[in-house]
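Single-structure report; data block below.
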Amino acid sequence: MAFVPSPRLSWALLGVSGAPPRSVPSALIVALLSRAVTGAVVEKLVLVGIIALATLGAARLVPSDRPVARVAGGVLYAWNPFIYERLLVGHWALLLGYAVLPWVVDAAVRFRRGEAGAAGLLVLALFLAMVPGPYTGILGGAVAAAVCLSPPWRERLRAVARRGAVLAGAVAAANLPWLVPALLGPAVPERPLLATALFRARSDSPLGTIGSLLSLGGLWRTDVAPPGRTAGLWIPAFVLIAGLTVSGWARLGRRWPAGAVSGISAAAAVGMLLAAAPSVGGLDAVSRWLSGLPGGGILRDSQKFVIPLALAGSVGFGLGVERVLQAIPPTDRLVRRSAAALAILPVALAPTLAWGESGRLFPSRYPPSWGRVESVVASDPLPGGILALPWHAFLPFRWNRDRPVHQPALQYFSRPVLSSSSLEVGPYRLPDEDPWARRAAPVVEGRGPLPPQLRRLGVRYVVVFKEADWRRYPPRLIGLPALFDAPDLRLYRSPMPADVPSFPAPPLGAVLVGDLLTTAVVGGAAWAVHRSARARSFRSRSGS
């Protein structure tokens with residue numbers, strides 16, 4: 001989870017680059033907020049927002065008037081192995097979208113009921129689900145469609161079609177900020193079969209892959225699973241949670257529209273199928289075929305598709321706790337209080353999530369040398385980018401306790417930074433997604449001297465971080481003056497200015513038009529919600 005004090009602003013934050021728009025528009029929002037309150041504050045706001053939004057959203061989603069039941073649903077959704085593992089690998093954007101999805105479901109249920117202002121609420125919720133990135137934007141649209149459009153239908157087919165058209169327009173409009181650059185951008189080299197194999201869900205518990213996914217674990221990196229997960233001491237709690245969830249789910253049909261219940265059930269089942277398919281014999285071939293289709297890259301890292309299951313499970317668990325409380329006579333206060341403790345039972349699935357995952361999550365500060373480098377490169381009026389070495393997308397910095405982190409230099413420095421964008425997992429490597437990195441890779445990974453090639457690559461400065469295999473690079477930089485040498489890095493400057501090369505990218509005008517359309521639709525939805533709220537308030541005052 002790499003945040004920097006003041007990220008560099010560029011058109012790439014809108015998706016106008018040769019790379020996939022995976023961080024559109026969240027990267028732009030973070031960059032703007034960081035200039036107002038610094039990146040460290042933004043990071044803390046994100047972390048608090050993930051837990052707060054997930055808990056409150058799931059609690060509101062439980063259709064019960066008992067606070068304990070709502071708390072139970074919120075705790076299960078916000079405190080589980082999925083949250084634990086994704087926090088540890090730094091997937092804050094996915095988790096922020098995860099935290100918004102209960103609000104999407106709530107708006108979709110209201111929209112299906114035909115409540116006043118629900119269409120505007122649904123547009124706002126879909127937009128907020130898209131803000132962290134495309135993955136949750138797509139998941140939000142899929143879950144909303146399942147809730148709004150699944151049979152049975154009580155109204156006429158024309159009304160269902162009208163509802164579907166409104167929903168399709170809302171999903172499309174909410175996702176235009178990343179959808180336009182994705183559709184108009186250049187093709188990116190991929191190895192879909194390798195990516196699917198590397199990032200498929202894996203068993204991290206005695207319950208196997210399916211059981212691990214059902215208990216909201218199963219990330220491809222089993223080393224980040226909650227401590228004690230392989231021992232199985234949490235399994236009794238999981239069995240009890242599952243039983244309460246099934247028991248409570250039977251009540252949902254009387255409180256939600258019937259189609260909404262079947263829709264969220266279908267979304268959870270399909271999500272579970274997508275999550276498990278790459279790891280299950282017979283289904284893995286289908287998963288590989290789907291991954292090879294255009295846009296199939298979304299299927300890699302399959303564990304994320306348990307999110308609809310987490311949504312459905314939190315609602316069912318809350319109603320299951322309600323069912324237990326209702327079965328206890330009001331006179332048995334001690335028993336009722338003991339039963340209320342069921343609301344915090346999900347803590348047993350990942351107890352060490354508390355206190356920064358028992359110290360596995362910790363803050364790190366950039367060394368003063370990074371600020372020194374930035375002052376040097378920012379004061380130079382001549383053009384050219386920065387080549388960041390060693391040539392790896394992730395580096396284990398000593399000031400970060402040797403934990404690998406995605407190259408922060410890409411955001412930290414005010415000049416464009418040339419760095420590897422190839423994901424490395426053991427001996428395997430995926431292709432570079434950044435066209436600048438693809439052009440530079442044969443040169444940087446070769447054995448010859450680098451200075452003669454720097455101008456052609458658009459490089460004015462070279463920063464060598466003294467981490468990993470860094471010692472192989474200084475001999476190849478002989479002839480370049482070292483402007484600054486610190487215990488953790490060394491800065492070189494080429495005597496020749498260099499123009500950063502340009503590459504095919506989505507048209508800026510088309511991207512801006514898409515952004516403006518989304519802004520207009522979201523603004524209109526917000527105004528409609530405001531007017532609806534004012535009308536309800538006026539009717540309430542008139543009635544009283």
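Please go through segment 504-518 and pick out each residue that is open to solvent by 40 Å² or more (accessible area, probe 1.4 Å), among the aliphatic types (A, V, I, L, M) and either over 30 Å from R439 (Cβ atoms) or in a helix (DSSP H, G or I) (or both). First the steps, then the outcome.
Residues of segment 504-518 that are open to solvent by 40 Å² or more (accessible area, probe 1.4 Å), as a first pass: 504-505, 507-509, 512-513, 516-517.
Imposing the further condition that a residue be among the aliphatic types (A, V, I, L, M) reduces the set to 505, 508, 512-513, 516-517.
Answer for segment 504-518, where residues must be open to solvent by 40 Å² or more (accessible area, probe 1.4 Å), among the aliphatic types (A, V, I, L, M) and either over 30 Å from R439 (Cβ atoms) or in a helix (DSSP H, G or I) (or both): L508, L512, V513, L516, L517.
Which residues, taken from segment 377-391, are in contact (Cβ under 8 Å) with a residue 24 or more places away in the chain, closer than 20 Å to A486 by Cβ and open to solvent by 10 Å² or more (accessible area, probe 1.4 Å)?
A378, D380
Tell me which of these L88 doesn't satisfy, since it passes every other one: (1) surrounded by fewer than 20 Cβ atoms within 10 Å (Cβ to Cβ); (2) touching a residue at least 40 places away in the same chain (Cβ under 8 Å).
All conditions are met except number (1).
Of the residues in segment 192-237, how many are of a type in the set (A, V, I, L, M, F, W, C), within 20 Å of L309 (Cα to Cα) and under 25 Å from the mean Cα position of the chain (by Cα)? Before the answer, list the steps.
The initial filter retains those residues of segment 192-237 that are of a type in the set (A, V, I, L, M, F, W, C), namely 193-195, 197-199, 201, 207, 210, 213-214, 216, 219-220, 224-225, 231, 233-235, 237.
So of that shortlist, the ones also within 20 Å of L309 (Cα to Cα) come out as 199, 201, 207, 210, 213-214, 216, 219-220, 225, 234-235, 237.
Those left that are additionally under 25 Å from the mean Cα position of the chain (by Cα): 199, 201, 210, 213-214, 216, 219-220, 225.
Final tally of qualifying residues: 9.
Which one is nearest to D499 (Cα to Cα) among residues in segment 406-416 that are open to solvent by less than 10 Å² (accessible area, probe 1.4 Å) and not small (G, A, S)?
Kept after step one, since they are open to solvent by less than 10 Å² (accessible area, probe 1.4 Å), are these residues of segment 406-416: 407-409, 413.
Right, trim to not small (G, A, S) and you get 407-408, 413.
Values: Q407: 22, P408: 22, F413: 17 Å.
The residue in question is F413.
Return the pairs, sorted by first residue and then second, in which the second residue is surrounded by fewer than 12 Cβ atoms within 10 Å (Cβ to Cβ) and at pLDDT 95 or above, the first residue lies in segment 473-502 and is under 16 Å from L418 (Cβ atoms), the beta carbons are less than 7 Å apart, and the residues are 6+ apart or on different chains.
Between residues of segment 473-502 that are under 16 Å from L418 (Cβ atoms) and residues that are surrounded by fewer than 12 Cβ atoms within 10 Å (Cβ to Cβ) and at pLDDT 95 or above, the close pairs are P497/L382.
Condition (residue is modelled with pLDDT of 95 or more and closer than 23 Å to V143 by Cα) applied to segment 31-41: is it met by at least one residue?
No, that holds for no residue.
Quick one: which of V160, V147 is assigned to a helix (DSSP H, G or I), in contact with a Phe, Trp or Tyr (Cβ under 6 Å, 6 or more places away or on another chain), among the hydrophobic types (A, V, I, L, M, F, W, C) and more than 22 Å from M1 (Cβ to Cβ)?
Values: V147 fails: in contact with a Phe, Trp or Tyr (Cβ under 6 Å, 6 or more places away or on another chain).
Checking each option against the conditions leaves just V160.
From the residues in segment 35-67 that are in contact with a Lys or Arg (Cβ under 9 Å, 6 or more places away or on another chain) and surrounded by fewer than 21 Cβ atoms within 10 Å (Cβ to Cβ), which one is nearest to A107 (Cα to Cα)?
Once the filter is applied, the top-ranked residue is R60.
Within segment 248-288, take every residue that is of a type in the set (S, T, Y) and within 15 Å of T196 (Cβ to Cβ) and give me the one that is least open to solvent (accessible area, probe 1.4 Å).
From segment 248-288, those of a type in the set (S, T, Y) are 262, 265, 279, 287; that's our starting set.
Next cut, within 15 Å of T196 (Cβ to Cβ) only: 279, 287.
Numbers: S279: 36, S287: 10 Å².
Step by step, filter segment 248-288, then rank; the result is S287.
Residues being assigned to a helix (DSSP H, G or I), touching a Pro at 6+ places or on another chain (Cβ under 9 Å) and open to solvent by 20 Å² or more (accessible area, probe 1.4 Å): count how many of those fall in segment 71-85.
Result for segment 71-85: 1.
Of all residues in segment 124-133 being open to solvent by 20 Å² or more (accessible area, probe 1.4 Å) and either among the β-branched types (V, I, T) or in contact (Cβ under 8 Å) with a residue 40 or more places away in the chain (or both), which is nearest to A93 (Cα to Cα)? Let's see the steps before the verdict.
Pass one, segment 124-133, residues open to solvent by 20 Å² or more (accessible area, probe 1.4 Å): 124, 127-128, 131.
Right, trim to either among the β-branched types (V, I, T) or in contact (Cβ under 8 Å) with a residue 40 or more places away in the chain (or both) and you get 124, 127, 131.
Details: L124: 18, F127: 14, V131: 9 Å.
The residue in question is V131.
Which of the following residues is among the hydrophobic types (A, V, I, L, M, F, W, C), assigned to a loop (DSSP other than H, G, I, E, B) and open to solvent by 20 Å² or more (accessible area, probe 1.4 Å): V521, V443, V500?
Working: V521 fails: assigned to a loop (DSSP other than H, G, I, E, B); V443 fails: assigned to a loop (DSSP other than H, G, I, E, B).
Being among the hydrophobic types (A, V, I, L, M, F, W, C), assigned to a loop (DSSP other than H, G, I, E, B) and open to solvent by 20 Å² or more (accessible area, probe 1.4 Å) holds for just one of V521, V443, V500, which is V500.
Taking the conditions exactly as written (out of contact with any Cys (no Cβ under 9 Å at 6 or more places or on another chain), in a loop (DSSP other than H, G, I, E, B), open to solvent by less than 40 Å² (accessible area, probe 1.4 Å) and of a type outside the set (S, T, Y)), does G479 satisfy them or not? Walk me through how you get there before you give the answer.
Details: out of contact with any Cys (no Cβ under 9 Å at 6 or more places or on another chain): yes; in a loop (DSSP other than H, G, I, E, B): yes; open to solvent by less than 40 Å² (accessible area, probe 1.4 Å): no; of a type outside the set (S, T, Y): yes.
So G479 fails the test.
Considering only residues that are over 26 Å from L88 (Cα atoms) and either among the small types (G, A, S) or in contact (Cβ under 8 Å) with a residue 24 or more places away in the chain (or both), which ones fall in segment 418-445?
First pass over segment 418-445, keeping only residues over 26 Å from L88 (Cα atoms): 418, 435-445.
Result: L418, P435, W436, A437, R438, R439, A440, A441, V444, E445.
Take S422 and tell me if it is under 20 Å from G18 (Cα atoms), surrounded by 16 or more Cβ atoms within 10 Å (Cβ to Cβ) and either of a type in the set (S, T, Y) or touching a Pro at 6+ places or on another chain (Cβ under 8 Å) (or both). It would help to see each step written out before you state the result.
Details: under 20 Å from G18 (Cα atoms): yes; surrounded by 16 or more Cβ atoms within 10 Å (Cβ to Cβ): yes; either of a type in the set (S, T, Y) or touching a Pro at 6+ places or on another chain (Cβ under 8 Å) (or both): yes.
The answer is yes for S422.
Given the criterion in contact with a helix residue (DSSP H, G or I) (Cβ under 7 Å, 6 or more places away or on another chain) and of a type outside the set (F, W, Y), identify the matching residue among V417, V459.
Numbers: V459 fails: in contact with a helix residue (DSSP H, G or I) (Cβ under 7 Å, 6 or more places away or on another chain).
Just one listed residue meets the conditions, V417.
So A119 clears everything in (1) closer than 30 Å to M1 by Cβ; (2) open to solvent by less than 60 Å² (accessible area, probe 1.4 Å); (3) not polar (S, T, N, Q) except one condition, right? Which one?
Checking A119 against (1) closer than 30 Å to M1 by Cβ; (2) open to solvent by less than 60 Å² (accessible area, probe 1.4 Å); (3) not polar (S, T, N, Q), the one that fails is (1).
If the requirement is being outside any helix (DSSP H, G or I) and farther than 21 Å from R60 by Cβ, which of these qualifies: G271, G281? Don't jump to the end; show me each part of the working.
On the way: G271 fails: outside any helix (DSSP H, G or I).
When all the criteria are applied, what remains is G281.
Given the structure, is S537 free of Cβ contacts under 8 Å to residues at least 60 places away in the same chain, part of a loop (DSSP other than H, G, I, E, B) and not charged (D, E, K, R)? Walk me through how you get there before you give the answer.
Details: free of Cβ contacts under 8 Å to residues at least 60 places away in the same chain: yes; part of a loop (DSSP other than H, G, I, E, B): no; not charged (D, E, K, R): yes.
When the stated conditions are applied, S537 does not pass them.
The values are calculated or read from the model by the stated rules, or taken from the named source; none is laboratory data. For clarity, every value in this text was computed on a predicted model and none was experimentally measured. Note: ideal-geometry Cβ built from the backbone for every residue, glycine included; neighbour counts use all protein chains shown. Just so you know, the surface numbers come from the protein's heavy atoms only, side chains and all, with ligands and any DNA or RNA stripped out. Shrake-Rupley method; radii C 1.70, N 1.55, O 1.52, S 1.80 Å.
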